[in-house]
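The values are calculated or read from the model by the stated rules, or taken from the named source; none is laboratory data. Values in this document were obtained by computation on a predicted structure and should not be read as measured data. For neighbour counting, all protein chains shown are included, and Cβ atoms are generated from backbone atoms with ideal geometry for every residue, glycine included.
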Amino acid sequence: MPDLSPERRHILEHCGTEPPFSSPLLTEHRAGTFVCGACGAPLFLADTKFESGSGWPSFFAAVSDGAVTTKTDTSHGMSRTEVTCTACGGHLGHVFEDGPQPTGLRYCINGLALDFAPKNEK
Ligand SMILES: [Zn+2]
């Protein structure tokens, strides 16, 4: 992985969780793509972001089937589904089955694990 801030390493490499309502990406409403904060791989489109009220950036779908990888996480006495970046293996967050249609999924993602690439730039 490239040089990352200690805060980002805590999330991406050590499966940490940022405090809720701390991410500036919560109020990011421009068109564009959310990419992996570690490797830059496209992960979520702004079109799939929704206001979940959870305090973390939330999406109802990944940019493509293979963009993220999920696996069962039984840490902290809970059974959750962890979401990682397929390209680099970085920890992103978790996915829950209480999201909006059409998928019914809620990808609950740490803002520190993401970068935002606005449309028409780059
Ligand atoms: Zn990545």
- Query: What is the residue count in the range 8-32 for residues that are surrounded by 14 or more Cβ atoms within 10 Å (Cβ to Cβ) and either in a helix (DSSP H, G or I) or within 13 Å of the ligand (Cβ to nearest atom) (or both)?
  - Reply: 8
- Query: How many of the residues making up the range 53-89 are closer than 24 Å to Ala31 by Cβ and under 10 Å from the mean Cα position of the chain (by Cα)?
  - Reply: 8
- Exactly one condition in (1) crowded, with 20+ Cβ neighbours inside 10 Å; (2) part of a loop (DSSP other than H, G, I, E, B) is not met by Gly93; state its number. (2)
- What single numbered condition from (1) touching a strand residue (DSSP E or B) at 6+ places or on another chain (Cβ under 8 Å); (2) at pLDDT below 95 fails to hold for Phe60? (2)
- Query: Mind checking which residues of the range 45-76 are aliphatic (A, V, I, L, M) and in contact with a Cys (Cβ under 7 Å, 6 or more places away or on another chain)?
  - Reply: Val68
- Query: What are the residue pairs meeting all of these: first residue in the range 84-104, first residue more than 10 Å from the ligand (Cβ to nearest atom), second residue in a loop (DSSP other than H, G, I, E, B) and of a type in the set (Val, Ile, Thr), Cβ atoms under 8 Å, and 6 or more apart or on different chains?
  - Reply: Gly93/Thr17
